[in-house]
Structure formats: structure tokens, C-alpha cells
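Trainee: My structure is below; once you've seen it, I'll send some questions.
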Amino acid sequence: MINKQHGCQIKEFQGENIDDLATEELFEHLQQTGLVLLRGYSIDLEDLETFSARFCGRFHKVGARQPIRKNTGDRFSSEVPGVNFSLFAHSEGAYRPYPTPPDLCFFNCVEAPDGNGGETMLIDGVEFAQRLSPDLFERFQQQGIIYQAYWDENRWQSEFDISNIEELQTFLANHPQIQARIDADAIEFRCLALAMQTSLSGELAFANGLLAHLPKISHPRWDGLNAYCKPTNRVFFGGGEEISEEIINQLIDIQDDIAVNHKWVENDLLIIDNAKIMHGRRMSENDGNRVIRSRFGSLHQHLK
């Protein structure tokens with residue numbers, strides 16, 4: 001079954017045994033729609049890791065999260081943060097050129113949010129690109145986005161998989177596209193990354209981390225709501241001009257207009273083409289449990 005809202009299509013499979021699903025068929029639908037939902041299957045952490053390895057040969061650690069298991073499993077699974085806030089549209093890992101962003105996102109619901117809210121927003125980056133003005137589309141495509149952030153020691157160690165300042169200095173020397181000013185054990189991080197990505201279907205998509213990397217949110221629709229921002233973050237066009245609040249609010253308007261809210265059911269497994277479909281989250285009405293496992297991986301060579 002294919003559910004469609006705006007340009008966002010979700011191919012849904014229902015069943016009981018995840019081993020009965022054919023990898024080739026799933027991947028074909030993932031190429032077509034960018035989204036596949038498995039519903040009704042009983043999935044534990046081992047199942048998730050084994051299943052995702054059908055598609056991906058290398059998995060990514062998420063710098064802002066801790067693994068959900070430290071001594072068992074492959075340690076590349078994590079949990080979506082349980083803090084109750086809204087998070088705007090983003091493509092996973094798109095704020096940095098190295099390590100490169102993952103190809104696929106896997107989100108598995110362990111415990112669905114109780115009450116209203118807590119949905120995962122799904123935003124079709126191809127439709128998003130089509131909604132941009134021609135001038136803005138051209139500027140993003142040609143220039144990309146510069147991200148600036150301030151990371152403590154734990155964050156840069158996790159992001160770059162390094163242990164100390166000496167390794168950091170060597171890493172930066174080998175990756176000149178990443179600039180960092182070292183401040184004691186923290187860094188001010190700045191890098192240029194793509195604003196547009198090519199999806200598995202070959203379409204050009206506005207798929208990046210811009211809206212999840214804002215220093216503040218001034219859009220009147222979100223005034224007084226708990227949407228994630230961080231004052232030390234900044235975003236610029238690739239030419240160096242800071243992206244204005246006016247443009248950011250235009251992008252938020254597009255996001256809000258085309259976002260599809262996925263309401264979680266326990267055991268749901270959502271597979272996302274990270275270069276086409278951006279994701280985010282809605283704040284929950286209650287501060288109850290919302291437990292979503294996540295994995296992010298790079299495709300096997302034979303699937304590319």
C-alpha cells in the first residue's frame with residue numbers, strides 16, 4: 001500500500017516476520033518513494049541491526065547521542081533523544097562534509113508517545129526544492145551552506161571519532177574544508193556542505209541540516225513553542241553571507257506546508273532515503289515516554 005500526501009509517499013508493508021521480506025523489493029520501493037514503512041513486525045535490537053545490514057555495509061555514530069547499548073550489539077544503534085521539543089527538517093549528518101552523510105536512516109519505535117504529538121515529520125526534499133524561488137534554488141545549488149557551531153570535547157571526539165587535541169589537529173590538517181578554532185578543549189567549528197543532494201531515484205532534493213541548525217527561531221507560527229535552536233549556531237550561504245531571518249522563515253513556511261506527520265505505532269520501522277526525505281519531530285502534548293531506536297548507514301556498493 002502506498003500512502004501519499006503532498007509529494008511524500010510512504011510504501012507500507014504489513015506482516016509478522018521481518019525475515020519474510022525481500023531485500024530487492026524493499027529497496028526498489030525505497031528508490032521510488034524514498035520512504036518504506038514496516039508495520040506489525042516484531043523487531044528487537046538484534047533484528048534491527050541484522051535487517052539494516054542487508055542494505056548497509058558501514059554504519060554511522062551520531063555525535064550528539066550515546067549508544068543505547070555500550071557492551072553488546074554493534075554499538076551503532078542509538079536512541080532518539082527523549083527530551084520533549086520540536087525539531088525542524090534535516091537530513092542526517094548533512095552539516096558536515098566528513099564523515100559523509102549516511103545514505104539510509106532506520107527508525108524503529110520501541111514505545112509510541114502517549115497522547116497527542118510526538119510524531120516524526122517527513123519532508124520531501126524534491127518537493128521542497130520545487131517550492132523554492134528560482135533565485136534561491138540557484139543560490140543554494142551553486143553555493144551550498146556554511147555551518148558554524150561550538151562543540152565541547154565530547155561532541156568533537158564523537159563526531160570525528162578521535163580522542164585528543166593532537167589527533168584533532170592532524171584530522172583538521174587532512175580535511176581543509178573543515179575549519180576549527182580550538183578553545184581549551186572545545187572548538188568553534190565551521191564547514192561548507194551541500195544544500196542539494198541527489199536522491200536514490202536520481203532527483204535533486206533540498207536535503208540538508210539548515211533548519212535544525214538555527215541560532216534562534218523568529219517565525220510567528222512558532223513563537224513561544226519549544227522548537228530546537230542553539231545560540232552558538234549560525235548558518236551562511238557558501239559565499240559567506242549569513243542567511244537572513246526572512247529567508248529562514250520562507251523555508252519554515254515550506255516545511256510547515258508540506259510536512260507529513262508520521263504517528264508512531266509500537267514496532268514500526270521506517271526506512272528513509274536520507275538524500276531525499278528530511279525528517280524532524282513534533283513536540284508531545286505530554287512528557288511521557290517516546291522511545292525510538294535509530295541507525296544510519298551507507299549502502300552496500302552493489303546497491304548504489
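Trainee: Please go through the range 201-259 and pick out each residue that is in a helix (DSSP H, G or I) and either over 23 Å from Ile272 (Cα atoms) or acidic (Asp, Glu) (or both).
Mentor: Passing the criteria: Pro220, Arg221, Trp222, Glu245, Glu246, Ile247, Ile248, Asn249, Gln250, Asp253, Asp256, Asp257.
Trainee: Let me ask you something else. Return the residues of the range 170-182 that are over 22 Å from Phe59 (Cα atoms) and touching a residue at least 12 places away in the same chain (Cβ under 8 Å); say none if nothing qualifies.
Mentor: Gln177, Gln179, Ala180, Ile182
Trainee: Let me ask something else. Name every residue in the range 144-157 that is surrounded by fewer than 17 Cβ atoms within 10 Å (Cβ to Cβ) and either among the β-branched types (Val, Ile, Thr) or assigned to a helix (DSSP H, G or I) (or both), in order of residue number.
Mentor: Glu153, Asn154, Arg155
Trainee: Here's something else I'd like to know. Just to verify a result, which residue in the range 283-304, among those that are charged (D, E, K, R) and under 25 Å from Ser199 (Cα atoms), is surrounded by the most Cβ atoms within 10 Å (Cβ to Cβ)?
Mentor: Applying the filter and picking the extreme gives Arg295.
Trainee: Being in contact with a Pro (Cβ under 9 Å, 6 or more places away or on another chain) and outside any loop (DSSP other than H, G, I, E, B) is the requirement here; does Asn289 meet it?
Mentor: no
Trainee: Of the residues that make up the range 102-109, is at least one part of a loop (DSSP other than H, G, I, E, B), on the phi > 0 side of the Ramachandran plot and surrounded by 21 or more Cβ atoms within 10 Å (Cβ to Cβ)?
Mentor: No - not one qualifying residue is present in the range 102-109.
Trainee: Restricting to the range 255-282, name every residue that is in contact (Cβ under 8 Å) with a residue 60 or more places away in the chain, farther than 30 Å from Ile18 by Cβ and either surrounded by fewer than 20 Cβ atoms within 10 Å (Cβ to Cβ) or among the polar types (S, T, N, Q) (or both).
Mentor: Gln255, Asp257
Trainee: What about Ala129, is it over 14 Å from the mean Cα position of the chain (by Cα), in contact (Cβ under 8 Å) with a residue 24 or more places away in the chain and either within 24 Å of Lys304 (Cβ to Cβ) or crowded, with 16+ Cβ neighbours inside 10 Å (or both)?
Mentor: Yes.
Trainee: Sticking with this structure for a sec: Determine which member of the set Ala186, Ala212 is among the small types (Gly, Ala, Ser), free of Cβ contacts under 8 Å to residues at least 40 places away in the same chain and either surrounded by 13 or more Cβ atoms within 10 Å (Cβ to Cβ) or in contact with a Gly (Cβ under 9 Å, 6 or more places away or on another chain) (or both).
Mentor: Every option except Ala186 fails the conditions.
Only the coordinates and a few stated rules stand behind these numbers; no lab work does. From a predicted model like this one, the values you see are computed outputs, not experimental measurements. Note that we place each Cβ from the backbone using ideal geometry, even for glycine, and neighbour counts take in every protein chain shown.
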